[in-house]
Protein chains: 2
Amino acid sequence: MMSTDNLDPEFDTKIPDGDDRERNVCTRCGFIAYENPKVVTGSVATSPDGRILLCKRAIEPRKGFWTLPAGYMELGETVEQSARREAWEEARAELELDQVLALYSVPRISQVQVMFRARLMNPDTIAAGPESEDVSLVTWEDIPWTELAFPTVYWALNHFKEIEGETSFVPFSNPQDGV
Amino acid sequence: MMSTDNLDPEFDTKIPDGDDRERNVCTRCGFIAYENPKVVTGSVATSPDGRILLCKRAIEPRKGFWTLPAGYMELGETVEQSARREAWEEARAELELDQVLALYSVPRISQVQVMFRARLMNPDTIAAGPESEDVSLVTWEDIPWTELAFPTVYWALNHFKEIEGETSFVPFSNPQDGV
């Protein structure tokens, strides 16, 4: 078979039969690339002394900025498994999830972000995973507000603070002034 | 340009450079078809007299079975907009969303389902949309339990009943005996 490694797909937009929206269809092979919003799962995880786990990004976008352990959900997992996996991959952190802190939508980039409140079970052995330059446990006062990677990190931290000490609460959605 | 309408894409699985998982790569054009879990949004919506909105499916899968107004989230919308759009498309129903009732994961088919509790604002003018054979407002006693389309419909109805009358509550996730 001819090698196709150097061929790029070429997409045109058209409305497939039985559909009501334009989709990307490859002019080379006819493949319909349905695009759907992507799910990001993440956590505001605290150590027993109340410090919050942050990760310094080793990759773009926003390399060098601080974020919560979070990332794209993969096939075949639950949202809870995804949030724990991301914390392990980015910070070698073992989490016990408490409850859903917030469900954010970022329609500009078609993301849904599920943020959990969580307990960090191994605060003494966290370490930067391959996608992190550094990991840190910070008090509320020491959060590097001007060096946060994404608006949703800012939202989640503030929403976390808002229900501090409450054992159950209604999850937040986008703040009124949010996207 | 050669017509490609009758060519199907042919996918092989391989791990792209810089990735750590097998992805589907088209052997004809090299396109990497990243697959991510899909988000379904839906609602348990009640009329002022407490009856629940159900839709009889006009399409496969589970044609002829009853479901909640729900469907795949599209690009560029929020989860709330998506839930309201689906209710309109399937039942010409105008909803006011209350709060997130449940966040279910169905890893076997890589779905995340966001189910809202909602108020049906136009109970007298609901009507079957193109994907519904029929729509109905049913009391709890009249729910057609043996003719429900999907397990998550069953879960959502029971979880809805569990917090009936409560103005705020912690959202449910999969029941213990769920997938």
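Odds and ends about this structure:
- Whichever residue in segment A:83-99 is under 14 Å from the mean Cα position of the chain (by Cα) and surrounded by fewer than 24 Cβ atoms within 10 Å (Cβ to Cβ) and, among such residues, is nearest to the other protein chains (Cβ to nearest Cβ): A:Glu89
- Top-ranked residue in segment A:8-22 [being within 20 Å of B:Asn24 (Cβ to Cβ) and touching a Lys or Arg at 6+ places or on another chain (Cβ under 7 Å); ranked as modelled with the lowest pLDDT]: A:Pro9
- One residue stands out in segment A:156-173 among those that are of a type in the set (Phe, Trp, Tyr) and either assigned to a loop (DSSP other than H, G, I, E, B) or away from chain B (no Cβ under 14 Å) (or both): the one that is nearest to B:Arg117 (Cα to Cα), namely A:Phe169.
So that you can scan it fast, the table gives a plain yes or no per residue for (1) more than 21 Å from A:Ser105 (Cα to Cα); (2) more than 8 Å from chain A (Cβ to nearest Cβ); (3) touching a residue at least 12 places away in the same chain (Cβ under 8 Å):
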| residue | (1), (2), (3) |
| --- | --- |
| B:Ile15 | yes, yes, no |
| B:Glu22 | yes, yes, no |
| B:Thr27 | yes, no, yes |
| B:Ile32 | yes, yes, yes |
| B:Ala45 | yes, yes, yes |
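- Matching residues in segment A:91-126 - criterion: being assigned to a helix (DSSP H, G or I) and within 27 Å of B:Ile109 (Cβ to Cβ): A:Pro107, A:Ile109
- Residues in segment A:144-165 that are of a type outside the set (Ser, Thr, Tyr) and out of contact with any strand residue (DSSP E or B) (no Cβ under 7 Å at 6 or more places or on another chain): A:Trp145, A:Pro151, A:Asn158, A:Lys161, A:Glu162, A:Ile163, A:Glu164, A:Gly165.
The values are calculated or read from the model by the stated rules, or taken from the named source; none is laboratory data. What you are looking at is a predicted structure, and each value in this text was computed from that prediction instead of being measured. Cβ coordinates were reconstructed from backbone atoms using ideal geometry, including for glycine residues, and neighbour counts include every protein chain displayed.
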